[in-house]
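Q: Here it is, the structure, as structure tokens.
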Amino acid sequence: MKIPKVKAKDFLKMTDFSKEEIFELFEFTLRLKRDLKKGRHYDFLNKKTLAMIFEKNSTRTRVSFEVGIQQLGGFSLFLSGNDIQIGRGESLADTARVLSRYVDAIMIRTFSHEKAMALAENSSVPVINGLTDTYHPCQSLTDYFTIYEEKSDFSKINLVYIGDGNNVANSLLLGAPLLGMNIAIATPKGYEPDSEVISHARDISKKSGTGILITNNIDEAVQDADYIYTDVWTSMGQEKESEKRKKIFKKFKINSELMKKCPERCRIMHCLPAHRGEEIDSDVIDSENSIVFEQAENRLHIQKAIMCSLMMK
Ligand code: CP
Ligand code: NVA
């Protein structure tokens, strides 16, 4: 099986890969997933090592990267930010130079996106963003793959995101115009996605001819939704704002009432972990139209494809 080629050294945000590269990755991922289910394994990353730096908690990202590289014949190292020397002030630049001499790729989950960029600039091996305050590209690539499994023609799809204009929203917003999909994002006033990301996404949408709606009006966003997506109101690192956010976001939740305003076909998405009863109700996240656990599973398959493409050049 041919490993898809990508030009970029690192995967820090959706636009690091081109549209063509992403669709090739999707086709490769479909084959990896299908073959794994038939019991067929590939050792494309035989003896390769992935260092994983975590400065925030994780279930899906950690487990899917660890299992993914093992399935491909490689190894992973879990490095908690508190345990390695960056927790005591060693610079990311020095950490990057040192790790590059030991391992074949680095995944980082951290706070400011600039930290992930500094790590990438100073490492000679590929760096993968496993979530920063600004982006969560492995998640959104997985989300678009999950949609691709159902609908290969993106041009007629309306993706609607309700809630906080956070890292997940920013990544979805960059991905939709890049891949040729319409996107609407409804947030409370003052919680819109990052303004630079909005203008970058609008630039891409002008070329791809896709629609972007950023609004504070949920009803305007949900009409004609094919996929409705939400994420927590309080992201990691914002815990002190939790009570304030609960009040501000109260109306920005996916519940059965909101689902009545969406077309019947509308699928429900969430990157997880969910705060059931806050941004999404249990009857909705557990309903027939929910694909949240498909999204979670697909993290494994997509990240295997990302690692192969970046690590086998
Ligand atoms: N969706 C996601 O990244 O989950 P974790 O925080 O559990 O890794
Ligand atoms: N926006 C959430 C996503 C978790 C996967 C956070 O940053 O905590």
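The values are calculated or read from the model by the stated rules, or taken from the named source; none is laboratory data. A quick note: this is a predicted structure, and the numbers were derived from the prediction, not measured. Note that we place each Cβ from the backbone using ideal geometry, even for glycine, and neighbour counts take in every protein chain shown. Heads up: the accessible areas ignore ligands, DNA and RNA and are worked out on the full protein's heavy atoms, side chains in. Shrake-Rupley method; radii C 1.70, N 1.55, O 1.52, S 1.80 Å.
Q: Limited to the stretch 167-182, what total is found for residues that are more than 16 Å from ligand 2 (Cβ to nearest atom), part of a helix (DSSP H, G or I) and either farther than 24 Å from Phe252 by Cα or under 9 Å from the mean Cα position of the chain (by Cα) (or both)?
A: Result for the stretch 167-182: 2.
Q: Can you name every residue in the stretch 1-49 that is of a type in the set (D, E, K, R), open to solvent by 80 Å² or more (accessible area, probe 1.4 Å) and over 22 Å from the mean Cα position of the chain (by Cα)?
A: Matches in the stretch 1-49: Lys2, Lys37, Lys38, Arg40, Asp43, Lys47.
Q: Part of a strand (DSSP E or B), closer than 19 Å to Asn255 by Cβ and in contact with a Pro (Cβ under 9 Å, 6 or more places away or on another chain): which single residue out of Ile228, Ile214, Ile185 fits that description? Spell out how you get there, then give the answer.
A: Working: Ile228 fails: in contact with a Pro (Cβ under 9 Å, 6 or more places away or on another chain); Ile214 fails: closer than 19 Å to Asn255 by Cβ.
None of the other options fit; the residue is Ile185.
Q: Okay, moving on. Return yes when Asp164 is buried (at least 23 other Cβ atoms within 10 Å of the Cβ) and within 16 Å of ligand 2 (Cβ to nearest atom) and no when it is not.
A: yes
Q: Further question on the same structure: Looking at the stretch 23-61, which of its residues are under 16 Å from Leu72 (Cβ atoms), of a type outside the set (Val, Ile, Thr) and either in contact with a strand residue (DSSP E or B) (Cβ under 7 Å, 6 or more places away or on another chain) or within 16 Å of ligand 1 (Cβ to nearest atom) (or both)?
A: Result: Leu50, Ala51, Met52.
Q: How many residues does the stretch 62-111 hold that are within 16 Å of ligand 1 (Cβ to nearest atom) and in contact with a strand residue (DSSP E or B) (Cβ under 8 Å, 6 or more places away or on another chain)?
A: Selection size over the stretch 62-111: 13.
Q: Under 29 Å from Ser58 (Cα atoms), under 20 Å from the mean Cα position of the chain (by Cα) and crowded, with 18+ Cβ neighbours inside 10 Å: is that true of Val232 in this structure? Can you show your working first?
A: Values: under 29 Å from Ser58 (Cα atoms): yes; under 20 Å from the mean Cα position of the chain (by Cα): yes; crowded, with 18+ Cβ neighbours inside 10 Å: yes.
Considered against the rule, which asks whether it is under 29 Å from Ser58 (Cα atoms), under 20 Å from the mean Cα position of the chain (by Cα) and crowded, with 18+ Cβ neighbours inside 10 Å, Val232 comes out as yes.
Q: Among the numbered criteria (1) assigned to a loop (DSSP other than H, G, I, E, B); (2) touching a residue at least 60 places away in the same chain (Cβ under 8 Å), which one does Lys33 miss?
A: Checking Lys33 against (1) assigned to a loop (DSSP other than H, G, I, E, B); (2) touching a residue at least 60 places away in the same chain (Cβ under 8 Å), the one that fails is (1).
Q: From the list Lys250, Lys240, which one is open to solvent by 70 Å² or more (accessible area, probe 1.4 Å), under 23 Å from Thr110 (Cβ atoms) and more than 15 Å from ligand 1 (Cβ to nearest atom)?
A: Only one candidate passes the filter, namely Lys240.
Q: Quick check on my filter: what residues within the stretch 231-251 are part of a loop (DSSP other than H, G, I, E, B) and either touching a Ser or Thr at 6+ places or on another chain (Cβ under 7 Å) or within 12 Å of ligand 2 (Cβ to nearest atom) (or both)? Steps first, please.
A: Taking the stretch 231-251 as the starting set, the residues that turn out to be part of a loop (DSSP other than H, G, I, E, B) are 231-238, 249-251.
If the condition is that a residue be part of a loop (DSSP other than H, G, I, E, B) and either touching a Ser or Thr at 6+ places or on another chain (Cβ under 7 Å) or within 12 Å of ligand 2 (Cβ to nearest atom) (or both), then Asp231, Val232, Trp233, Thr234, Ser235, Met236, Gly237, Gln238 are the ones that fit.
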